[in-house]
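Chemist: Dropping a structure here in structure tokens format, bear with me for questions.
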Amino acid sequence: MAAAFVDFRNVWLAYNEELLAQGHFAVEDISLQVGEGEFIAIVGPSGCGKSTFMKLATGLKRPSRGTVVIGGQAVTGPLKITGMAFQAPSLLPWRTTLDNVLLPLEIVEPYRSSFRSRRAEYVDKARKLLQSVGLGGYEQKFPWQLSGGMQQRASICRALIHEPKMLLLDEPFGALDAFTREELWCALRDLQAAQKFNVILVTHDLRESVFLADTVYVMSKSPGRFIVRREVDLPRPRDLEITYTPAFTDIVHELRGHIGALRKTGAEVAQ
Amino acid sequence: MSRLRPTSERLAPAALLVATLVIWQAVCTLFNVSDFIFPSPMRVAEQMWEHRTTILGHAWRTFWVTMVGFGIAIVVGVLLGFLMGSSRLAYNAMYPLMTAFNALPKAAFVPILVVWFGIGIGPAILTAFLISFFPIMVNIATGLATLEPELEDVLRVLGAKRWDVLTKVGLPRSMPYFYGSLKVAITLAFVGTTVSEMTASNEGIGYLLISAGSSMQMGLAFAGLVVVAIMAMAMYELFSLIEKRTTAWAHRGSQGAG
């Protein structure tokens, strides 16, 4: 994989100088290469540095050691070609769903400077995006009028409105009930199939990671390290039915084995 | 929501007011309390009517002086609050000092203000300002300083500057806090004006209270108190209404249910 889109090479991060001096790292020696348009998932126990990884991939944090290269360029600051969504939808309650989705366009260039003059065009774009996740007709509703699942759909639309090359999701479905979660898996699957952006999905739901991702990475806890890389060779497009097949269950089971071993020993497991 | 409140709940404040007046009147009549000690509501109403032009004049003075002081408090409170809320350094630097200042009794400033500005509107306006800007400032600062870190990340990744985050998210978010603080601040402003007028003015309700008291016109003094209470309550209700109109989103449950 010579021309990886996301390229982490031996990345270490300590949150401040003091921790660096003591040798306490939030993540250690992370290396990964992700191809263009690839969907990867990172799974691991809580507090294993998954969110730190997100901050590195978006340029919100600079590595203490090692390099992060995304799209052929070393990351030196916030990366506008990424969109983010979190477990909490964090929509602005005084804005309608449509205006919430439009928010990034008011901030990021080149949309920012043309926002007033081309507003109609952008509104149209936002409507289409909302429709594609099943929120057509809810554009003028306020966030508090939407269910949790709908809010999360809107939050993902907000992350995608500026056509990022990479979507970062930090446990985006963690607070939803099982059925809503599966619906949103499909919504995300279809969006990604249509627009071919990269996805880095942080989750602790193994079924979610296997269903959605091309490659699953398992992360260990403090220090955060990647200990397993597992390619998911299930054919696409994947239907929810696939989650009940033996091939699927085997992969989930295998990953579960790694996590189980992690929890038991609390130490690193040889790869 | 307020529109769906049962009638009994809406009428409760009026009912309580009437009950209080009835008991007050009954106590005065039954125990034959002298009007020079504790005037009955009837007596207060009589006095209010008798001296209506005097009271109105003083009330108007107190009202506009309060509003000027309050206006300055809004401007200064919002600016200082913005400064405090937008920078951690400013927040940490200013908070202890501001708290210490707020703990000082504002009435103690009146003699100093008299030395600087003389008897009249100067001390009254400034006392109203000093007593009422603190809650406005603190509420704006709190609204700005308590942004969700996730949301800030979402915007920072897009290249948002500190200013973008403040104006797109911080300020709208702090509006409910702001209007909430106006309700508190306006009542405090009336306290400030009245206290200042009691020692440093020849006009206003504060002055009326002192002069009525010194000439044993207790009915008139009580009438003055009632007028201040009515003005403060009216302004409170006004800001409460503005709050509901402008920041309805904040009073409809939160998005946390997601």
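Chemist: Looking at A:S132, A:S220 in this structure, which one is more than 14 Å from chain B (Cβ to nearest Cβ), surrounded by 23 or more Cβ atoms within 10 Å (Cβ to Cβ) and either farther than 25 Å from A:A26 by Cβ or modelled with pLDDT under 90 (or both)?
Modeler: A:S220
Here's the yes/no breakdown for (1) over 17 Å from A:Y217 (Cβ atoms); (2) out of contact with any Gly (no Cβ under 7 Å at 6 or more places or on another chain); (3) surrounded by 15 or more Cβ atoms within 10 Å (Cβ to Cβ); (4) at pLDDT below 85:
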residue: A:E18; (1), (2), (3), (4): yes, yes, no, yes
residue: A:Q22; (1), (2), (3), (4): yes, yes, no, yes
residue: A:G47; (1), (2), (3), (4): no, yes, no, yes
residue: A:T52; (1), (2), (3), (4): no, no, yes, yes
residue: A:R65; (1), (2), (3), (4): yes, yes, no, no
residue: A:I70; (1), (2), (3), (4): no, yes, yes, no
residue: A:L79; (1), (2), (3), (4): yes, no, yes, yes
residue: A:T82; (1), (2), (3), (4): yes, yes, yes, no
residue: A:A85; (1), (2), (3), (4): yes, yes, yes, no
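Chemist: Sort through A:N100, A:N16, A:N10 and tell me the only one that's within 11 Å of chain B (Cβ to nearest Cβ), of a type in the set (S, T, N, Q) and more than 14 Å from the chain's Cα centre (by Cα).
Modeler: A:N100
Chemist: Shifting gears a bit: Quick check on B:T142: is it away from chain A (no Cβ under 14 Å), at pLDDT below 90, more than 23 Å from B:G224 (Cβ to Cβ) and assigned to a helix (DSSP H, G or I)?
Modeler: yes
Chemist: Any idea which of A:S117, A:S113 is part of a helix (DSSP H, G or I) and either among the aromatic types (F, W, Y) or surrounded by fewer than 18 Cβ atoms within 10 Å (Cβ to Cβ) (or both)?
Modeler: Matching residue, one of A:S117, A:S113: A:S113.
Chemist: I want to confirm something. Restricting to region A:211-263 and keeping residues that are farther than 18 Å from A:C186 by Cα and hydroxyl-bearing (S, T, Y), which single residue is nearest to the chain's Cα centre (by Cα)?
Modeler: A:Y217
Chemist: Further question: Within region B:223-240, is even one residue more than 14 Å from chain A (Cβ to nearest Cβ), part of a helix (DSSP H, G or I), in contact with a His (Cβ under 8 Å, 6 or more places away or on another chain) and crowded, with 21+ Cβ neighbours inside 10 Å?
Modeler: Within region B:223-240, one or more residues are more than 14 Å from chain A (Cβ to nearest Cβ), part of a helix (DSSP H, G or I), in contact with a His (Cβ under 8 Å, 6 or more places away or on another chain) and crowded, with 21+ Cβ neighbours inside 10 Å.
Conditions (1) at pLDDT 90 or above; (2) buried (at least 19 other Cβ atoms within 10 Å of the Cβ); (3) part of a loop (DSSP other than H, G, I, E, B), marked per residue:
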site	(1), (2), (3)
A:E139	no, no, yes
A:W144	no, no, no
A:M150	yes, yes, no
A:A154	yes, yes, no
A:P164	no, yes, yes
A:F173	no, yes, yes
A:L176	no, yes, yes
A:F179	no, no, no
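Chemist: Could you look through region A:152-189, keep only residues that are more than 15 Å from the chain's Cα centre (by Cα) and among the acidic types (D, E), and pick out the one that is nearest to the other protein chains (Cβ to nearest Cβ)?
Modeler: A:D177
Chemist: Another question, then. Pairs needed: first member in region A:79-95, facing chain B (nearest Cβ under 7 Å) and over 12 Å from A:M54 (Cα atoms); second member anywhere, among the small types (G, A, S) and surrounded by 24 or more Cβ atoms within 10 Å (Cβ to Cβ); C-beta distance under 9 Å; at least 6 residues apart or different chains.
Modeler: A:A88/A:S155; A:P89/A:A154; A:P89/A:S155; A:S90/A:S155; A:L91/A:A154; A:L91/A:S155
Chemist: While we're here: Can you tell me how many residues in region B:19-73 are β-branched (V, I, T), within 21 Å of B:Y236 (Cβ to Cβ) and touching a Phe, Trp or Tyr at 6+ places or on another chain (Cβ under 8 Å)?
Modeler: The qualifying residues number 3.
Chemist: Pairs please, first residue from region B:4-25 and farther than 22 Å from B:S40 by Cβ, second anywhere and of a type in the set (A, V, I, L, M, F, W, C) and part of a helix (DSSP H, G or I), Cβ atoms under 9 Å, 6+ apart in sequence or on different chains.
Modeler: Pairs that qualify, where the first residue is farther than 22 Å from B:S40 by Cβ and the partner is of a type in the set (A, V, I, L, M, F, W, C) and part of a helix (DSSP H, G or I), are B:S8/B:A15.
The values are calculated or read from the model by the stated rules, or taken from the named source; none is laboratory data. Everything numeric in this text was worked out from a predicted model, so none of it was measured. We place every Cβ from the backbone using ideal geometry, glycine too, and count neighbours over all the protein chains shown.
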